[in-house]
1. How large a share of the accessible area of region 426-502, in percent, is made up of carbon and sulfur atoms when the probe is 1.4 Å and the other protein chains stay in place?
2. On average, how much area does the Cα convex hull of region 389-475 cover when viewed from any direction, in nm²?
3. Between residue 11 and residue 557, with labels modelled 7 Å along Cα→Cβ, what's the label distance in nm to one decimal, could you check?
4. Round to the nearest 0.05 the FRET efficiency obtained for residue 445 and residue 260 when R0 = 56 Å and r is the Cβ-Cβ distance.
5. Remind me, relative contact order of region 138-225 in percent, using alpha carbon pairs under 8 angstrom and six or more residues apart?
6. Could you list, in their original order, any pairs among 342/402; 451/473; 275/342; 344/473 whose Cα atoms are separated by more than 29 Å?
7. Any idea how far the Cα center of region 352-428 sits from the one of region 461-489, in Å?
8. Which whole-Hz ³J(HN,Hα) couplings does region 490-495 yield from phi under the Karplus relation 6.51 cos²θ - 1.76 cosθ + 1.60, θ = phi - 60°, glycine and proline marked x?
Amino acid sequence: MAKAFFRLQKFVRRTQFLLFFLTAAYLMAGSLLLLQRSRLVMQQGSRGGAAGQRLEEPGRPGGSEPRSPQSPRAAPGPALGAGAPREPAPHGPRWLSNRNSELRRLRRRWLHRAGEQEPLPAAGPRAGSRGAVHKGTYMGCFTHDSSERTLRGAVFYDLRKMTVAHCQEACAERAYSYAGLAQGAECYCGNSLPAAAAPGRECSSECRGQRGSECGGLGRLSVYSAQPRPAGGHRRNVIYRGCFRAPENLTDTFPASLIQPNLTVEMCSEFCSKKEFPLAVIRGQECHCGFPTRRFPLREGADGRRCSEGSNGSAAAGQYCLVYQTPVQDTRCTDRKFLTTKSKVFVALSSFPGAGNTWARHLIEHATGYYTGSYYFDGALYNKGFKGEKDHWRSRRTICVKTHESGRTEIEMFDSAILLIRNPYRSLMAEFNRKYAGHLGYATDRNWKGKEWPDFVSSYGSWWASHVLEWLKYGKRLLVVHFEELQRSLVPTLRAMVRFLNVTVSEERLLCVENNRDGNFKRPGAKQKDFEPFTQEMKELINKYILTVDEALRGRNFSGLPREYVPR
């Protein structure tokens, strides 16, 4: 009995020791795992902070390159040689293959961090800035039909930072009385309230940039009165369009008219803005409001002295009129949508970066009424209304797809392409501005005079040439469009582009596009620099690229480059 008890006691002691050992091992393993995870989180946080610093590096606010994944450091090697440029080999030169593979890697990285480019505003009362607190009266919740809108004035989107105050200020700046918000991110302006009211609970969408604010809902508008601007406050200017020969019957041409003694431009512009017309036409004491039409296309202006003679009561008084652009937007071509059925023809809108691809997309979307897609994803463009940015580029729900790619594989994926070409001097400067200051900014003098600019020209200059050469070689069906020709002759060139896309549009819609030609992505003015950015060595190299591309275009029976490209 004693022997059995001794064995049991020995077993219990061993079990206690074993349990103690297992417990200690478990605690040590847990501690090591916790330390490892903490270290990993700290490393990721430091990397995220470094990435944020790179994205917001002083002097380089556009350095994240959200629009396209190209980078001038992707392939620093010389291309096409320092002498006369030579045409790439059948499968593309080695430097181009290396660059394209690097661009694809950069693109994948960008898609993963695209959501971090513009952080959402913080929650709570501190989230809104001084302008986030809206002013004006809340008019109520109303029904909203996209095909028959009551607020048919300016329309814009901000899918990240829309607030009531932002919409109110934009509508007041354009001389509208009401601002309506839908689905938390869409802003509509107008001078009359929608007819059909809706229950307030149906306008439950929260503004994307301001928590706690009502910004409509699906098919519903939260309507506020636009805060009027003070007399000395900033307001969009009335733009003088010129002196034109008046149509034979002004009453039939223009829907609204006013006769006012001592008529001024401000009186006429305010009257037409209230009527929601983009044109204010003055002839003597008569004020007429309307749109550009076939009978009054605003293409052949007259000498301004003709209108001056008319103001003095001469015989020319009834033959000429002064035309002004009001702050009101021409809404005849602003509605857009995705294709209802998948496109049978896969069309690319291809260009070198900085060649005006975004502007061309604006024109195509407003002319055809369909969204354009993109091989990339640019959050800034998506937030401003280019909804095709978020659609998969191979969905075939868009009328065409933006691309800057120039590899054979990427080119042969498309059935046809509009090849947009711009003067390389202008393209390089535009892309450099976008890279370092965003879509609407300008690079600083430090960027231009530092090492960034020479490195950029060295890398991107050869790419401008190779991009055109590769598309000429591997493109199946091409329409070559020169940016400068699109600027000079917008309607004829745009008509050819729309015909190439196999879409029929009315002349009235093309005139509307011409009236809204600039869109929201034109840099304000032309910032003049007090120095020449291109050195003589840069000019010699770029001019050789121009001659090579011109010869290649003529070899494919296209018209050569515009003569203004060279010499420089």
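1. 48 percent
2. The number I arrive at for region 389-475 is 6.7 nm².
3. So the two model labels end up 9.9 nm from each other.
4. 0.65
5. Averaging sequence separation for qualifying contacts and normalising by length gives 41 percent for region 138-225.
6. Violating the 29 Å limit, Cα to Cα: 451/473; 275/342.
7. 13 Å
8. Here the 3J(HN,Hα) series is 5, 5, x, 5, 5, 4 Hz.
The values are calculated or read from the model by the stated rules, or taken from the named source; none is laboratory data. For clarity, every value in this text was computed on a predicted model and none was experimentally measured. Reconstructed Cβ throughout: ideal geometry from the backbone, glycine too, with neighbour counts over all protein chains shown. Areas reflect the complete protein model, heavy atoms only, side chains present, ligands, DNA and RNA absent. Shrake-Rupley method; radii C 1.70, N 1.55, O 1.52, S 1.80 Å.
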